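Values quoted throughout were computed directly from the atomic coordinates according to the rules given, and no laboratory measurement underlies them. It should be emphasised that the depicted structure is a prediction, and the values quoted were computed from it without experimental measurement. Glycine also receives a Cβ, built like all others from the backbone with ideal geometry; neighbour counts cover every protein chain displayed.
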Amino acid sequence: MSNRAQAFVVLLFGLVLLRLAVSDLLLRFVRAGTRPLVLVAGTLVVLLGIWSLVAAGRGDDRADARPSSSDAHGHSGASRLAWLAVLPTVAVSVVGPPALGAFTAGRGTRSATLPTGQVFGPLVEGSTARLSIVEFAVRALDHDGRTLVHRPVSLTGFVVKPLSGGFLLARLVITCCAADALPVEVQVMATATAPAANEWVRVTGTYAGQAPHNLPVLTATSVRPVPMPSDPYDR
Amino acid sequence: MAGTSAATSARTLTSTDVLCGLLFISVAARLVLTSFWQRPDVEAWTTVFVAICIQAAPYLVLGIAVSTLVAVAVPRRGFTRFLPRRPALAVPIAGLAGVALPGCECGSVPVSASLMRRGVDAGPAIAFLLAAPAINPVVLVATSIAFPNRPEMVAARFLASATTAVVVGWLWLRVGRVPRLPARFDAGADTRRWDRACVTATHDFAQSLGLLVVGAAGAATVNVAVPAGWLDSVADTGVLAVAAMAMFAVVVAVCSEADAFVAASFIRFSSTAQLAFMVVGPVVDLKLIAMQIGTFGARTAARLAPLTLLVAVASAAGVGWWVL
């Protein structure tokens, strides 16, 4: 691969990093806290790519007299690997994968480990409390859900699969990037037909005890489709 | 290649042409095979693959930036001047010098080869080769991020990796020898120093990214295709779990700056098995073996890789048993 082609590959990848860093697309892949790092990295990579293109153009007659060609013997095999650097760029800008969802939640036997022993105050009385699925599940584990009893709550998540008399609602928890996504699930009891898998819904209802394997149950009074939140994952 | 002269380049296929062709084919494939890209497993694979690349990118950038600065600013004999004459003494010092070179294992192979060319004994040079990708600050910071509230993982990684580097270096003084390296074509340190540094950095970055892609693709495949319970089935088996994670590290070949995140995702495995993954990964994996064969020759690599694997697993198990 010539210096110029390498500079193109690097420049494209830098542009992809910048593109992700300035939009919520980034949150499909990594945590929001990574944004500044990706922004800085993207800027540096773009500058490097541009400079390298200019440098390759300036020294065109001796384009391959780069220091690394002194190690040409050692690099001949590895240098071809640089072609693979195109793949992340293609994956983001051509394929454009969606956030992980029902497929990942449905295949795992592992669930996210929930923090235990947390002490919760009571939910505000008289109104519907909007909780994350993680908080709902943790509260359900706390003294058999005493802070949830008789309190209407609303949860936002995606549908994993229909169950008899309802469906399985989940949110994925990531600690670093989508590669370590693990689901937290709630069994929703609803009379209406279950929404399709991967559909995002807001479910309002009340806590109705635990199914086996610490799976909290919610009896729904309303199930509304909602757009996917800007950050699809919980933490 | 751009190395072809201007007269013939009009007729030969340049790598820029190939690059454009690849991009064209990928766009066409996206448009034609719509249903393929919408399969849930393909979508999940792509998301995980991209996620690993994006997560690792800042570390890759930092590693390349620092090693470029070192290459430009540190004088050529900067390393050799500080090494003692006695090889047995030089091994641990060269190993600790690896701390100064943050970067992927891909970057340390050429550096250690150039150390050997400047007359450094093979033992210290190999200690440097094994230590540099494993115990540099960038990797240790990444490890502490991947294992929040568990500083003992960082300490154990440092200890086990340093032990591996030094022990293999010492053993190499006994059983190995200086590999015969191909003659070096010197590009000559001319005026455009920063231009060359920049082109080298681009080269290193593209190559490291390519190697990272191999690891990310492997990890994404494992994430999507291997049944969830399959790897976990050996998770509780003690010794077998350590061996399985060590072999997994060799096959999956994640860059050392990102491997802590992969290791951390194997939550069912013991800390020692996760440690084995992080200690083996930077010192022996498929891409590294390929580079060693390319640089030192097949005979040297055929000795070095198994020896390193054995020592790495042993020291990970020992340190894990002691610290974790």
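What to note about this one:
- Residues whose placed amide H lies under 5 Å from that of A:K161, excluding near-sequence neighbours: A:L168
- Our analysis of the stretch A:184-235 gives Rg over Rh at 0.97, with the two radii drawn from alpha carbon positions and Rh computed by the Kirkwood formula.
- Note on B:M245, B:M116: ascending count of other Cβ atoms within 10 Å places them as B:M116, B:M245, the fewest first.
- Within 10 Å of each Cβ in B:209-217, the average number of Cβ atoms from other chains: 6
- Peptides B:27-36, B:122-131, A:36-45, A:165-174 ranked from most to least packed by the mean count of surrounding Cβ atoms within 10 Å: B:122-131, A:165-174, A:36-45, B:27-36.
- Look at the stretch B:138-145: the mean tally of other chain Cβ atoms within 10 Å of its residues' Cβ atoms is 1.
- Within 10 Å of each Cβ in A:40-46, the average number of Cβ atoms from other chains: 5
- Relative exposure of B:I267, A:I133, judged by other C-beta atoms within 10 Å (fewest first): B:I267, A:I133
- Under-5 Å amide H pairs with A:L123, H placed in peptide plane, nonlocal only: none
- Neighbour-count ranking [beta-carbon atoms within 10 angstrom, fewest first] of A:L12, B:L310: B:L310, A:L12
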